[in-house]
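**Student:** Got a structure here, written out as structure tokens. Questions coming.
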Amino acid sequence: MVRFCSLVVALLASPAFADFSGVVRVIDGDTIEVGQVTVRLHGIDAPEVDQTCETAAGQPFACGVFVSERVHSRYDGEFANCTAVTTDRYGRSVAKCTVNGRDMGEDIVLEGWAEAYRRYSMDYDLAEKSAQVRGVGLWAGSMQSPAEYRATRGDVAQDRSCAIKGNISNSGRIYHMPHNRDYGATRINEAQGERWFCSEAEAQAAGWRPARN
């Protein structure tokens, strides 16, 4: 009985089951690090980092990188307070986070940078409809649902939970975040020792350094 109670206390005290806070490091449009915790923002679904969409004129553009850059510009380095909802199959904390008292998920959807992820929550249904009516962000053109896009490609190794690219070049071992300039052009060859990382802390612990651009 004592061991059982101790286990419950330990679980409730862990980031996956408790409120937590920290400085934000953006990984992609709906995945961030808050302190040492990797967070999948609850109730939203942003384009994959390698996903393309179309402008109103029908021209393709890298919408996954576009969204990652916008979210990075808005939130990277800010302080967030988060409330855990659950954990996902990759071990990330699925949480609702606020910055300066505003819900990150709601604001990202209002800007048209992500869909409301209705499969898991209706919290941002009205926010998405507002963005659609105003034609902002991704709704200024057209895009395939991120969930549909993942299904068509088989949701393979470069799952959004591990979107950081660990590249080996003449400059050494360098990791590229989705908002970095050379992210899209960087290809990962695992046979040569290159790899994907789920967090900056993981990349740094393995001996990679951040890209300078």
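**Student:** Calculate the length of the line joining the C-alpha centroid of the range 30-51 to that of the range 78-153, in whole Å.
**Tutor:** Cα centres, the range 30-51 to the range 78-153: 9 Å.
**Student:** Per-residue ellipticity at 222 nm for the chain, helices alone: DSSP H runs ≥ 4 residues times -39500 (n - 2.57), over residue total, nearest 500 deg cm²/dmol?
**Tutor:** Per the formula, -7500 deg cm²/dmol.
**Student:** So which residue, out of A201, A46, A57, gets the largest mean-square fluctuation from a GNM of the chain using Cα contacts under 10 Å as springs?
**Tutor:** A57
**Student:** Now for a different question. If you place +1 on the Cβ of every Lys and Arg, -1 on the Cβ of every Asp and Glu, and leave all else neutral, what size is the dipole of the range 27-157 about its Cα centre, to the nearest 20 Debye?
**Tutor:** 200
**Student:** Same structure, new question: Hey, what do the phi angles of the range 177-194 turn into as Karplus ³J(HN,Hα) couplings, whole Hz, using 6.51/-1.76/1.60 and θ = phi - 60°, x for Gly and Pro?
**Tutor:** With the stated coefficients, the range 177-194 comes to 7, x, 8, 5, 4, 9, 4, x, 7, 7, 10, 9, 10, 5, 5, 9, x, 6 Hz.
**Student:** Rounded, prolate or oblate: pick one for the chain, where a ≥ b ≥ c are the square roots of the eigenvalues of its C-alpha gyration tensor, a/c under 1.5 means rounded, and failing that, prolate if a/b is larger than b/c, else oblate.
**Tutor:** oblate
**Student:** W196's amide H: which non-local residues (gap 5+, or another chain) put their own amide H closer than 5 Å, with H modeled 1.01 Å from N in plane and none for Pro or chain starts?
**Tutor:** Under 5 Å from the amide H of W196 lie the amide H atoms of G166, each far enough along the sequence or on another chain.
**Student:** Tell me, in nm to one decimal, what length is gained between N81 and R134 on full extension, where the rule is 0.36 nm per residue of separation less the Cα-Cα distance?
**Tutor:** 16.2 nm
**Student:** Quote the FRET efficiency, to the nearest 0.05, computed for Q36 versus R89 with a Förster distance R0 of 25 Å and r equal to the Cβ-Cβ distance.
**Tutor:** Plugging the Cβ-Cβ distance into 1/(1 + (r/R0)^6) gives 0.80.
**Student:** If neighbour count is taken as other Cβ atoms inside 10 Å, put I174, I188 in order from fewest to most.
**Tutor:** Final ranking by Cβ density, sparse to dense: I188, I174.
**Student:** Take N189 and N170, extend 7 Å from each Cα along the Cα→Cβ direction, and tell me the distance between the two endpoints in nm.
**Tutor:** So the two model labels end up 1.5 nm from each other.
Read the figures in this text as sums done on the coordinates, not as results from a lab. Everything quoted here is computed from the prediction, not taken from an experiment. With ideal geometry, Cβ positions are generated from the backbone for all residues, glycine too; neighbour counts draw on all protein chains shown.
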